[in-house]
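The next block holds one structure in the form of structure tokens; read it before the comments.
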Amino acid sequence: MTKFYACLGSGNCFKPWLAMHQLGQIFDLTLIDVLKGEQKSRAYLDVNPLGVVPYLITDKGHGIGESNAMLWYLAEGSHLIPTDSAERAEALQWMFFEQSKLEPFISPARFFTTILPEQRENRASDIKNWQTASEPGLFRLDAHLFDRQFVLSSGYSIADIAIFGYVHVLEEAGLSMRDFPAIRRWVDAVTRTEGFQPLADLGQSKSKAA
Ligand SMILES: N[C@@H](CCC(=O)N[C@@H](CS)C(=O)NCC(=O)O)C(=O)O
């Protein structure tokens, strides 16, 4: 069975978890408490020497790091990944965009605003810088979504799941959905896709079946 290592509340961990749910794939979930440093424990480093979550081990024992690489693996042959080669490249384009223009800024701003609110004051200037740095990517995404339902014209895909991971919780990073009306509409559309499960449900069961 596929093994999946994740921590609660993480947009990166949420992405493959949501894809597995929406594809009806069975997996065994192990929760790693990053706030307690469990990702650097000897036991976990033996699983993933990079010491981060998420991490996925396929049913054939192949380890895969990076949430978007997991999405690519999990979705192969399904309705969540395009078959046309140009569209597959476009999916990758948006997944790289997510990891370079959105996640590096929204994730830490959210972490020190909402996950560790006791550090919010100390990190106020960093938070402001991360919020500012996320805006060009968010405005670019908002413009792209202005006249389309999902990121790719062919329909809902792993590109949506990758971007949704952190963008749907941008208010937890101190940003406002009011500034991004097309993103807000797209977030609603993603939550209405078949088999959608919210981030808050990550970890509510040890193992999920279809
Ligand atoms: N780009 C990676 C990011 C992985 C990552 O930074 N994970 C965080 C949790 S979201 C983590 O494990 N942090 C703990 C640490 O770096 O020690 C992905 O998309 O999977």
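The values are calculated or read from the model by the stated rules, or taken from the named source; none is laboratory data. Because the structure is a prediction, the values reported are computed rather than measured. All Cβ positions, even for glycine, are placed from backbone atoms using ideal geometry, and neighbour counts span all protein chains on display.
Taking the stretch 24-44, which residues are in contact with a Phe, Trp or Tyr (Cβ under 9 Å, 6 or more places away or on another chain) and within 11 Å of the ligand (Cβ to nearest atom)? Let's see the steps before the verdict.
Taking the stretch 24-44 first, the residues in contact with a Phe, Trp or Tyr (Cβ under 9 Å, 6 or more places away or on another chain) are 27-32, 38-39, 44.
Of everything in the stretch 24-44, those that are in contact with a Phe, Trp or Tyr (Cβ under 9 Å, 6 or more places away or on another chain) and within 11 Å of the ligand (Cβ to nearest atom) turn out to be 32, 38, 39, 44.
Residue 21 fails exactly one of the following numbered conditions: (1) within 15 Å of the ligand (Cβ to nearest atom); (2) out of contact with any Asp or Glu (no Cβ under 8 Å at 6 or more places or on another chain). What is the number of that condition?
Among (1) within 15 Å of the ligand (Cβ to nearest atom); (2) out of contact with any Asp or Glu (no Cβ under 8 Å at 6 or more places or on another chain), the lone unmet condition for residue 21 is (1).
Select from the stretch 167-196 the residues that are part of a loop (DSSP other than H, G, I, E, B) and not polar (S, T, N, Q) and list them in ascending order. Reasoning before the result, please.
Quick first cut of the stretch 167-196, residues part of a loop (DSSP other than H, G, I, E, B) only: 168-169, 174-176, 180, 192-196.
The answer is 168, 169, 174, 175, 180, 192, 194, 195, 196.
Condition test on residue 164, is it part of a helix (DSSP H, G or I) and of a type outside the set (Lys, Arg)? Show your work before the answer.
Working: part of a helix (DSSP H, G or I): yes; of a type outside the set (Lys, Arg): yes.
Criteria met by residue 164.
Within the stretch 45-85, how many residues are within 10 Å of the ligand (Cβ to nearest atom) and on the phi > 0 side of the Ramachandran plot?
Counting residues in the stretch 45-85 that are within 10 Å of the ligand (Cβ to nearest atom) and on the phi > 0 side of the Ramachandran plot gives 2.
Considering the stretch 25-38 alone, what residues qualify as being part of a helix (DSSP H, G or I) and either in contact (Cβ under 8 Å) with a residue 40 or more places away in the chain or within 21 Å of the chain's Cα centre (by Cα) (or both)? Talk me through it step by step, then tell me what you get.
So in the stretch 25-38, the residues part of a helix (DSSP H, G or I) come out as 34-36, 38.
Residues satisfying the conditions are 34, 35, 38.
Among the residues of the stretch 106-125, which ones are within 13 Å of the ligand (Cβ to nearest atom) and closer than 19 Å to residue 67 by Cβ? Write out each step before concluding.
In the first step, residues of the stretch 106-125 are kept if they are within 13 Å of the ligand (Cβ to nearest atom); the result is 106-108, 110-111, 115-116.
Answer for the stretch 106-125, where residues must be within 13 Å of the ligand (Cβ to nearest atom) and closer than 19 Å to residue 67 by Cβ: 106, 107, 108, 110, 111, 115.
Can you tell me which residues in the stretch 67-82 are more than 16 Å from residue 155 (Cβ to Cβ) and touching a residue at least 24 places away in the same chain (Cβ under 8 Å)?
Across the stretch 67-82, the qualifying residues are 67, 68, 70, 72, 74.
Mind counting the residues in the stretch 2-16 that are touching a strand residue (DSSP E or B) at 6+ places or on another chain (Cβ under 9 Å) and either touching a residue at least 60 places away in the same chain (Cβ under 8 Å) or in a strand (DSSP E or B) (or both)?
From the stretch 2-16, those touching a strand residue (DSSP E or B) at 6+ places or on another chain (Cβ under 9 Å) are 2-8, 12-14, 16; that's our starting set.
When the remaining residues are screened for being either touching a residue at least 60 places away in the same chain (Cβ under 8 Å) or in a strand (DSSP E or B) (or both), the result is 2-6, 8, 12-14.
Residues in the stretch 2-16 being touching a strand residue (DSSP E or B) at 6+ places or on another chain (Cβ under 9 Å) and either touching a residue at least 60 places away in the same chain (Cβ under 8 Å) or in a strand (DSSP E or B) (or both): 9 in total.
Based on this model, can you work out whether residue 19 counts as surrounded by fewer than 20 Cβ atoms within 10 Å (Cβ to Cβ), assigned to a helix (DSSP H, G or I) and among the hydrophobic types (A, V, I, L, M, F, W, C)?
Working: surrounded by fewer than 20 Cβ atoms within 10 Å (Cβ to Cβ): no; assigned to a helix (DSSP H, G or I): yes; among the hydrophobic types (A, V, I, L, M, F, W, C): yes.
Answer is no for this residue.
If residue 100 satisfies all but one of (1) more than 16 Å from the ligand (Cβ to nearest atom); (2) more than 24 Å from residue 22 (Cβ to Cβ); (3) under 19 Å from the mean Cα position of the chain (by Cα); (4) exposed (fewer than 14 other Cβ atoms within 10 Å of the Cβ), what's the number of the condition it fails?
Looking at each condition in turn, residue 100 falls short on (1).
Taking the options 204, 149, name whichever one is assigned by TED's automatic domain parsing to the domain that holds residue 15, within 29 Å of residue 81 (Cβ to Cβ) and surrounded by fewer than 18 Cβ atoms within 10 Å (Cβ to Cβ).
On the way: 149 fails: assigned by TED's automatic domain parsing to the domain that holds residue 15.
Answer to the selection: 204.
Just the residues that are touching a residue at least 40 places away in the same chain (Cβ under 8 Å) and part of a loop (DSSP other than H, G, I, E, B), please, taken from the stretch 39-62. Working first, answer last.
Of the stretch 39-62, the ones touching a residue at least 40 places away in the same chain (Cβ under 8 Å) are 47-48, 53-59.
The answer is 48, 53, 54, 58, 59.
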